[in-house]
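> Sharing a structure here in structure tokens format.
The values are calculated or read from the model by the stated rules, or taken from the named source; none is laboratory data. Since the model is a prediction, treat every value here as computed from it, not as a measurement. Don't worry about glycine lacking a Cβ; one is built from the backbone with ideal geometry, like all the others, and counts go over all protein chains shown.
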Amino acid sequence: MSPTPATVPCQYRTGKTLGSGTYAIVKEAVHIKTGQYYACKVINKKLMEGREYMVRNEIAVLKKVSRGNPNIVTLHDYFETSHNLYLCFDLCTGGELFDRICAKGNYYEADAAELVRTIMGAVKYVHGCGIVHRDLKPENLLFRTKDEDADIMIADFGLSRVMDDHLLTEVCGTPGYMAPEIFKKTGHGKPVDVWAMGVITYFLLCGYTPFDRDTQQQEMEAILAGDYKFEPEEYWQNVSQTARDFVTTCLTIDPAARPTAEEALQLPWLASATPHYVPDPESPHGGPKDLLPHVKKAFDAKKTFRKAVLSMVAMRRMSTLAHGHTPEPQIGGKSLRQLLEESEKVRAPRCQPPSYHH
């Protein structure tokens, strides 16, 4: 039977808002008796009417994975009051993965490999618990504290599912990180997380994602075709072939041929005792090339570009509304908009705003 939160007087005092979503806000909270701080997801019961199963599902998932791995956010408590449901997690104060990288003085391929090794190890653990995460992306990878050696944590299990013998068919996730089989609706499971890890690894090595396109339709078509390149060359000339091979293997279109998380950990880029890198000709000892300048440049350029694109899309939408409707491309008899709307229906309460905006 699915867990249902107990109704009790609130034992927490909530503070500043850390994030917000469709049905929930995440607040900093302190336990009144212990003085311990947590991140508390406050879910509005009225907004969630008819979708309570989403919260029960998230609790079921978190109860299975919590406390078993140091790189997974722990669910410490859950309860409900007359108006809200509360889920209390580790308060991760170290910031998001990419912000942390950009704040560093330097960043090498070995650093990227160490991050991917740690996260893939946590993914292997999650899969071993019979769970698929389904929304792995840099924004859901947080550092526990600001300490230099702080653990990196997988957060936001709102879209995760306990896997049984049946594959999942709903379209959900964040577009650039979604595997082809999600869009095809042919049934998906744990391999989607390994695909997302391939996208994350590509991003960690260059500062942009492999399937980034001007529109979500083009992005989806690129994913379905596995259409990506290690370009422009100036961003990839400092990345080893072993790292590229790792990305290529994770981004295998056929989920049955894609490595499992355990197999991915055995690939040379993660399993080799000596780190892989391209030597820096300017280094006196032929040490590794610093990837940070290119990674930051690409990341900052993308942020600027995305702002411009969003304003352009908004203007185009207004123009389309004024001058009539253009038919949308189809996949499986449905337009991308229909697929995205289906995705919204299954989306659980989130720590961040929803990935899709209508």
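> Mind listing whichever residues of segment 259-283 are over 26 Å from N106 (Cβ atoms), surrounded by fewer than 19 Cβ atoms within 10 Å (Cβ to Cβ) and touching a Lys or Arg at 6+ places or on another chain (Cβ under 6 Å)?
Scanning segment 259-283 gives a single hit, E262.
Each row is one residue, and each column tells you yes or no for (1) out of contact with any strand residue (DSSP E or B) (no Cβ under 9 Å at 6 or more places or on another chain); (2) surrounded by fewer than 17 Cβ atoms within 10 Å (Cβ to Cβ); (3) more than 20 Å from R161 (Cα to Cα).
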| position | (1), (2), (3) |
| --- | --- |
| N57 | no, no, no |
| L62 | no, no, no |
| P70 | no, yes, yes |
| H83 | no, yes, yes |
| D90 | no, no, yes |
| G95 | no, yes, yes |
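> When the residues of segment 7-55 are filtered to those that are of a type in the set (A, V, I, L, M, F, W, C) and part of a loop (DSSP other than H, G, I, E, B), which remaining residue is modelled with the lowest pLDDT?
Residues of segment 7-55 of a type in the set (A, V, I, L, M, F, W, C): 8, 10, 18, 24-26, 29-30, 32, 39-40, 42-43, 47-48, 54-55.
Those still in the list that are part of a loop (DSSP other than H, G, I, E, B) too: 8, 10, 32, 47-48.
Details: V8: 58, C10: 70, I32: 93, L47: 88, M48: 87.
Restricting to residues being of a type in the set (A, V, I, L, M, F, W, C) and part of a loop (DSSP other than H, G, I, E, B), the top hit is V8.
> State yes or no: is I59 in contact (Cβ under 8 Å) with a residue 40 or more places away in the chain and aliphatic (A, V, I, L, M)?
Criteria met by I59.
> I'd like the residue in segment 237-258 that is in a helix (DSSP H, G or I) and not β-branched (V, I, T) and, out of all such residues, is surrounded by the fewest Cβ atoms within 10 Å (Cβ to Cβ).
If we filter segment 237-258 for residues that are in a helix (DSSP H, G or I), which is where we start, we get 241-250.
Checking which are not β-branched (V, I, T) leaves us with 241, 243-246, 250.
Values: Q241: 11, A243: 25, R244: 16, D245: 14, F246: 25, C250: 25.
Among those that are in a helix (DSSP H, G or I) and not β-branched (V, I, T), it is Q241.
> Does E181 meet the test of being part of a helix (DSSP H, G or I), of a type in the set (D, E, K, R) and out of contact with any Lys or Arg (no Cβ under 8 Å at 6 or more places or on another chain)? First the steps, then the outcome.
Values: part of a helix (DSSP H, G or I): yes; of a type in the set (D, E, K, R): yes; out of contact with any Lys or Arg (no Cβ under 8 Å at 6 or more places or on another chain): yes.
Taking the combined requirement at face value, the residue satisfies it.
> Can you run down the residue pairs with Cβ atoms below 8 Å, 6 or more apart or on separate chains, where the first is in segment 283-300 and assigned by TED's automatic domain parsing to the domain that holds I101 and of a type in the set (D, E, K, R) and the partner is surrounded by 13 or more Cβ atoms within 10 Å (Cβ to Cβ) and in a helix (DSSP H, G or I)?
These pairs meet every condition: K289/E109; K296/C102.
> Out of H76, H31, which single residue is more than 20 Å from the chain's Cα centre (by Cα) and either surrounded by fewer than 16 Cβ atoms within 10 Å (Cβ to Cβ) or within 16 Å of R144 (Cα to Cα) (or both)?
Working: H31 fails: either surrounded by fewer than 16 Cβ atoms within 10 Å (Cβ to Cβ) or within 16 Å of R144 (Cα to Cα) (or both).
Residue meeting the stated conditions: H76.
> Surrounded by fewer than 21 Cβ atoms within 10 Å (Cβ to Cβ) and closer than 21 Å to C250 by Cβ: which single residue out of G187, G176 fits that description? Even if it seems obvious, please write down each step before you answer.
Numbers: G176 fails: surrounded by fewer than 21 Cβ atoms within 10 Å (Cβ to Cβ).
So the residue among G187, G176 that is surrounded by fewer than 21 Cβ atoms within 10 Å (Cβ to Cβ) and closer than 21 Å to C250 by Cβ is G187.
> How many residues does segment 93-112 contain that are in a helix (DSSP H, G or I) and under 15 Å from the mean Cα position of the chain (by Cα)? So that I can check it myself, show each step before the final result.
Pass one, segment 93-112, residues in a helix (DSSP H, G or I): 97-102, 109-112.
Restricting the remaining residues to those that are under 15 Å from the mean Cα position of the chain (by Cα) gives 97-99.
Number satisfying all stated conditions: 3.
> Look at E80 and say whether it is of a type in the set (D, E, K, R), in contact with a Lys or Arg (Cβ under 9 Å, 6 or more places away or on another chain) and in contact (Cβ under 8 Å) with a residue 12 or more places away in the chain. Reasoning before the result, please.
Numbers: of a type in the set (D, E, K, R): yes; in contact with a Lys or Arg (Cβ under 9 Å, 6 or more places away or on another chain): yes; in contact (Cβ under 8 Å) with a residue 12 or more places away in the chain: yes.
Considered against the rule, which asks whether it is of a type in the set (D, E, K, R), in contact with a Lys or Arg (Cβ under 9 Å, 6 or more places away or on another chain) and in contact (Cβ under 8 Å) with a residue 12 or more places away in the chain, E80 comes out as yes.
> Can you say whether D227 is surrounded by fewer than 17 Cβ atoms within 10 Å (Cβ to Cβ) and over 25 Å from D111 (Cβ atoms), as far as the supplied structure shows?
Against the criterion (surrounded by fewer than 17 Cβ atoms within 10 Å (Cβ to Cβ) and over 25 Å from D111 (Cβ atoms)), D227 qualifies.
> Would a scan of segment 113-132 turn up a residue that is of a type in the set (K, R), in contact (Cβ under 8 Å) with a residue 40 or more places away in the chain, outside the structural domain of K27 (by TED's automatic domain parsing) and surrounded by fewer than 22 Cβ atoms within 10 Å (Cβ to Cβ)? Let's see the steps before the verdict.
So in segment 113-132, the residues of a type in the set (K, R) come out as 117, 124.
Going one step further and asking which of them are in contact (Cβ under 8 Å) with a residue 40 or more places away in the chain, we end up with 117, 124.
Now narrow it down to the ones that are outside the structural domain of K27 (by TED's automatic domain parsing): 117, 124.
Right, trim to surrounded by fewer than 22 Cβ atoms within 10 Å (Cβ to Cβ) and you get 117, 124.
The answer is yes; a qualifying residue exists.
> Can you pull out every residue in segment 113-162 that is hydroxyl-bearing (S, T, Y) and not in a loop (DSSP other than H, G, I, E, B)?
Our first condition is that a residue be hydroxyl-bearing (S, T, Y); within segment 113-162, this holds for 118, 125, 145, 160.
Answer for segment 113-162, where residues must be hydroxyl-bearing (S, T, Y) and not in a loop (DSSP other than H, G, I, E, B): T118, Y125.
> Identify the single condition in (1) farther than 25 Å from T22 by Cα; (2) modelled with pLDDT of 95 or more; (3) hydrophobic (A, V, I, L, M, F, W, C) that L167 does not satisfy, given that it satisfies every other one.
Exception for L167: condition (2).
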